[in-house]
2 protein chains.
Amino acid sequence: MHLPSQLLCCLLLLTLPYGYVFASEEKTDLELINRLRDEALNHPKAHEHLGVLTDEIGARLTGSAGLKKAVDWSQSQLRHWGLQNVHSESFAPFGLGWSYQHASLRMLSPMPLDLLAIPKAWTPGTRGVQRGRAVIARLSSEEELQKWKGKLSDALVLLDEPLSFKPHLTGDAKRYTGQELEDLQKMELEPGAARRADGQTFQKQQQFQKKLQSFLSAEKVIATLHVSRGEDGTVFVQGGGSYKMGESAQIPALVLASEAYNRLYRLLEKKKPVELEVQVDARFEDEDAQAAVNVIADIPGSDKKDEIVMLGAHLDSWHGATGATDNAAGVAVMMEAVRLLKESGIKPRRTIRLALWGGEEQGLLGSRAYVQQWVAARPDSTDPAEKTLPVFLRKPAGPLQVKPQHAKISAYFNLDNGAGKIRGIYAENNVAVKPVFDAWLAPFADLGATTTTLRKTGSTDHVSFDSVGVPGFQFIQDQMDYMTRTHHSNIDVYDKVQKADLSQAALIVASFVAHAANRNELLPRKPMPKDPPKDTTKDATKDAAKDAIENKTESLK
Amino acid sequence: MHLPSQLLCCLLLLTLPYGYVFASEEKTDLELINRLRDEALNHPKAHEHLGVLTDEIGARLTGSAGLKKAVDWSQSQLRHWGLQNVHSESFAPFGLGWSYQHASLRMLSPMPLDLLAIPKAWTPGTRGVQRGRAVIARLSSEEELQKWKGKLSDALVLLDEPLSFKPHLTGDAKRYTGQELEDLQKMELEPGAARRADGQTFQKQQQFQKKLQSFLSAEKVIATLHVSRGEDGTVFVQGGGSYKMGESAQIPALVLASEAYNRLYRLLEKKKPVELEVQVDARFEDEDAQAAVNVIADIPGSDKKDEIVMLGAHLDSWHGATGATDNAAGVAVMMEAVRLLKESGIKPRRTIRLALWGGEEQGLLGSRAYVQQWVAARPDSTDPAEKTLPVFLRKPAGPLQVKPQHAKISAYFNLDNGAGKIRGIYAENNVAVKPVFDAWLAPFADLGATTTTLRKTGSTDHVSFDSVGVPGFQFIQDQMDYMTRTHHSNIDVYDKVQKADLSQAALIVASFVAHAANRNELLPRKPMPKDPPKDTTKDATKDAAKDAIENKTESLK
């Protein structure tokens, strides 16, 4: 029984001086929540949106025809639900689109064997069927290139160490326990140092990658082979080269299932000659501004219609599967949330704006472009060396210049940590917003959403807003098997998503957005970031470093 | 502290009359164990044997060239170690060999997509590349065949319901806890009724399968498509037709990764036309007595050389991967055990006989044949209907006739429950052998092997001996991810085996075999089985029923 402590709280409340802000002062519209809840849980449709995005549209790599289809479908669907101002906004120039139609890798000798392999994005096809011997070669330094010169003609080169397997004694999928949620509310005052990719390191890597590509091309290497960190048939695969026009990789690169890669590796270590046959049908698509866009759609506000509450998720995905948990699930939930709001008959005071981002996987390109255009921007660097870097690695070239929407956006809410249900929200060090979120979460305790943590979280599109001083938030989601199985893998598919989790998330997002839209004030803000904006760099470079670690030989874009 | 109860035991021991047999009376040769242990743990080679069997030789389907290679290699290796009487014993006629060289399944429309699929064993290839539409059709009754008549020309038919996914909240791999081992020692006096496949049911199924094959063939179906119970890229695949000459399946059958199958299924449910392209290069091999054999090899005994201690594991595997945990691991351990015994310099009193069985996956064919030839047999049925049944479903046609080895085999020790280390042994209801095994296990408590359970276990080759009254035993092994990932799947590969587990198992098996070989008496026996021998039927049919359930539409062989 917690009655005694509750009583104590009430007594304290009565004796505190006026002016203290308590969660209990934040109003929640329980009748609205009743309507949203009925539609969300009893007539859910998020899984239908998910089915279209994954099964029907498929992979949605930035710049590709797949993403273009998703852009078209989502706009049409949003218009059908009665959203206004439905349009796309380009963040071109992006670079080349890319897609693959077929890939096969086979061992011909010492025995016939099909090998599970997926091409890295933005690497070329093989121009028909190619045959060659497999060779293990470390090619990670100039010395090693010299050592292998003249020895790799018509070879398929295994560049990675084999994967070391360990028994999977714990579950792939995981939901937060009560204790873990409690722990999540404690700030990490001395967080572990994030591995940072800096501009200099990036440039060195990029220069070596260029040399490596020239070397592989001069040596007439057929393809490079890489090992996936996945097991049991799960293949994690991202990009293998630049999407910039004129900078593309010249040699096909495939990621193999670790079971297949390791077997080749062991046969070669035993000096068994291995002959392989490879075919990759892949194509670069001309730069197409239609597939480097964000989708924007509004539910117009009333008395405060020039103020905006935003919600969003990224529409682009990697290419190894159908990007179900990364991030068709987020898109399906956000689309469902606006559908619920329309169905609820709400006439919001502020304008509710849905944004479906492109280019998230390449460094939050879509959301950064939106922010830069409408919210706040820094001047472009005039240093040519800086200009060769990805935007998220460039040093700030001047102070932040705020634009009209900076003062008008109450908050941006994001969903991109897999497809698990919502357990709470990261308040991003914003102490003033915590009691508001606590109040807004209270009606959803029975659905498992209870926790506001002051912790920050990175690696997705709310960072673009938070880094310029506009409140941007990502919800806490059950991890499920996001990091162990689906994130950037060949099994990021519809089946890995729990329908009930989508419905729960859509309900909570809809309620948060509605309450933000109808609140008297904008949500409280943190102080403006000082220049240089450390947080932007930190979050994005942490991401870039993580990706670089996961894809050891992959060039950063 | 357990001291009081231990003291009590000692006092009881001193007061009991002569003639009671206690574990403490069983001698263990600790100096021999010291030598075995040094070689097993400090100079292990089991993983090398495993590497040859899996990476180099590959799949070893009964009757195939792969099994033939394994037969040849194992004999050569055993001779090299100085084993005597190394030879193979045929259990022909078996039927046709089968292997596949390549399989690919692709979606052409609504979009290009590679689909992970593996042909069922003993189903034909496609004769080049075939294209056709995908159709969902239930074809499990005469009525359904009638309904679909004339509607499946040039179709690839999805016969199964899609797989229902659940989050994997617990680990794939598992080792026994102390509590679980304790529980395992309690007999199940009312075990759950095993689902039994009986002759009648089998014949009905077989008759329908024949009709189905004729139907599919008459309808010019291109291939049947089936769903794997695996997830994350793991595909479980066994046989899809008879290996008997003249009874082969006529239509290619492929098992798809559930992620791929489910997506096709959902697209079809949404009425999206799906066009597929399939190619399976598979071939039936002529009956070859050289690939339907057991390998036998001896370490000859001395003063009791006409008595035999046997150890064994099955050399055959399924075809989806390299049969690492089922059962190259068992073979590698048993081969390592005899290598350890040779290295130890032991001159056993009894002859130690290694048997590497073929045909285990088709119903313990190899070990049954050995037992029938040398140990004990029942007369063949003269009923023609009985003769159409697999041997393990035939009713006994007369009393058991014992043969010379029946009185001479002290015990047969088997290893075939995956690649996990040994935690103890199933005593198969043989109360008299329990104290012996307890004593033999005692020196291995530090390695985790502690438990003798009186429980029976089935589904592998020791059953062939136990069912005719000769002691046959299977060790208790840690399950690891045998049932969840590797058992009859496409990822039953070298990497899934823990080297240290193999070494531990080889040491314990070697010690058990040495102690059985040097003991004054043969191991105590249970009473002879009465006719009809319920246990034979039970264990084998349980297996057959389990396989039938796992491979819903697969015809029993």
Checklist outcome for this item: Among beta bridges assigned by DSSP with both residues in chain B, the antiparallel ones amount in percent, to the nearest 5, to 55
Item to check | Protection proxy ranking of B:164-171, B:69-76 - average other beta-carbon atoms within 10 Å, highest first | outcome: B:69-76, B:164-171
Checklist outcome for this item: the stretch A:98-161 and the stretch A:461-511 have their Cα centres apart by a whole-number Å value of 35
Checklist entry - Roughly what % of Cα-Cα distances in the stretch B:380-505 sit above 24 Å, to the whole percent? => result 43
Checklist entry - Using alpha-carbon pairs under 8 Å, 6+ residues apart, how would you state the relative contact order of chain A in percent? => result 23
Checklist entry - Relative to the longest principal Cα axis of chain B, at what angle does helix B:329-344 sit, 0 to 90 degrees, rounded to 10? => result 30
Checklist entry - Which entries in the list B:Lys305/B:Lys403; B:Lys434/B:Lys456; A:Lys342/B:Lys166; A:Lys186/A:Lys526 go over 21 Å, if you measure between the two C-alpha atoms of each? => result A:Lys342/B:Lys166
Checklist entry - Taking the Cα-to-Cβ direction at A:Asn42 and at B:Glu144 and moving 7 Å from each Cα, how far apart do the two end points lie in nm? => result 3.7
Next on the checklist: If you fit an axis through the alpha-carbon atoms of helix A:199-218 and take the longest principal axis of the Cα set of chain A, what angle between them do you get, 0 to 90°, nearest 10?
Outcome noted: 30
Checklist entry - Cα centroid distance between the stretch A:250-314 and the stretch B:341-381, in Å? => result 54
Item to check | For the stretch B:98-285, size of Cβ-based charge dipole, Lys and Arg +1, Asp and Glu -1, in debye | outcome: 760
Next on the checklist: Report, to one decimal in Å, the Kirkwood hydrodynamic radius for the protein assembly as shown based on all distinct Cα pairs.
Outcome noted: 32.5
Item to check | For the stretch A:224-246, residues shielded by at least 10 square angstrom of accessible area compared with the chain on its own, probe 1.4 Å | outcome: A:Asp232, A:Gly233
Checklist entry - How far is helix B:65-80 tilted off the main Cα axis of chain B, in degrees rounded to 10, range 0 to 90? => result 20
Checklist entry - Taking only DSSP H segments of four or more residues, each worth -39500 (n - 2.57), what value at 222 nm results for chain A once the sum is divided by all its residues, to the nearest 500 deg cm²/dmol? => result -9000 deg cm²/dmol
Next on the checklist: Counting C-alpha atoms alone, how compact is the stretch B:98-285: give Rg to one decimal and Dmax as a whole number, in angstrom.
Outcome noted: 19.4, 60
Checklist entry - Using Cα pairs under 8 angstrom and six or more residues apart, how large is the relative contact order of the stretch A:68-126, in percent? => result 23
Checklist entry - Taking amide H positions as placed 1.01 Å from N in the peptide plane, with prolines and chain starts having none, which residues 5 or more places from A:Arg378, or on another chain, fall under 5 Å of its amide H? => result A:Gln401
Item to check | the stretch B:98-285, accessible surface, carbon-and-sulfur percent (1.4 angstrom probe) | outcome: 50
Checklist entry - How are the Cα pair distances of the stretch A:234-314 distributed, in percent, across 5 Å bins from 0? => result 3, 8, 12, 13, 13, 11, 9, 8, 7, 6, 4, 3, 2, 1, 1, 0
Checklist entry - Based on the alpha-carbon gyration tensor of the stretch A:71-130, what equivalent-ellipsoid semi-axes (square roots of 5 times the eigenvalues) come out, in whole Å, largest first? => result 42, 16, 7
Checklist outcome for this item: Expressed as a whole number, the average count of other chain Cβ atoms within 10 Å around the Cβ atoms of B:298-304 is 0
Checklist outcome for this item: Given unit charges at Cβ for Lys, Arg (+) and Asp, Glu (-), the dipole magnitude of the protein assembly as shown about its Cα centre in debye, nearest 20, is 680
Checklist outcome for this item: Once the dipole of the stretch B:98-285 is set up from charges on Cβ (+1 Lys and Arg, -1 Asp and Glu), the residue from the list B:Leu169, B:Tyr265, B:Val221 lying farthest towards its positive end is B:Val221
Checklist entry - Assuming a viscosity of 1.567 mPa s and a temperature of 4 °C, what translational diffusion coefficient in µm² per second does Stokes-Einstein assign to chain B, Rh being the Kirkwood radius over Cα pairs? => result 52
Checklist entry - Which whole number of Å³ per residue matches the convex hull of the alpha-carbon atoms in the stretch B:41-184? => result 301
Checklist entry - Say a label goes 7 Å from Cα toward Cβ at A:Lys395 in every copy; what distances in nm does this one have to the rest, shortest first? => result 9.2
Checklist entry - Placing +1 at every Lys and Arg Cβ and -1 at every Asp and Glu Cβ, with all other atoms neutral, what dipole size does chain B have around its Cα centre, in debye to the nearest 20? => result 1000
Next on the checklist: If you take every DSSP beta bridge fully contained in the protein assembly as shown, what fraction is antiparallel? Give it as a percent rounded to 5.
Outcome noted: 55
Checklist outcome for this item: Across A:254-262, the residue-averaged tally of Cβ atoms belonging to other chains within 10 Å stands at 3
Checklist entry - Counting only heavy atoms of protein chains, what accessible area per residue, in Å², does the protein assembly as shown have with a probe of 1.4 Å? => result 41
Next on the checklist: Sequence gap at least 6, Cα distance under 8 Å: using those rules, report the relative contact order of the stretch B:98-285 to the nearest whole percent.
Outcome noted: 47
Checklist entry - Nearest 100 Å², what total accessible surface is buried between chain A and chain B (probe 1.4 Å)? => result 3800
Checklist entry - Can you give the average number of partner chain beta-carbon atoms within 10 Å of each beta-carbon in peptide B:164-174, as a whole number? => result 6
Checklist outcome for this item: Between B:Ser228 and residues 5 or more places away or on another chain, the pairs with built amide H atoms under 5 Å apart involve B:Leu256, B:Ser258
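The values are calculated or read from the model by the stated rules, or taken from the named source; none is laboratory data. These figures come from a predicted structure and were not determined experimentally. As a convention, Cβ positions derive from the backbone with ideal geometry for all residues, glycine included, and neighbour counts pool all protein chains shown. Protein only, heavy atoms only, side chains kept; ligands, DNA and RNA dropped before computing areas. Shrake-Rupley method; radii C 1.70, N 1.55, O 1.52, S 1.80 Å.
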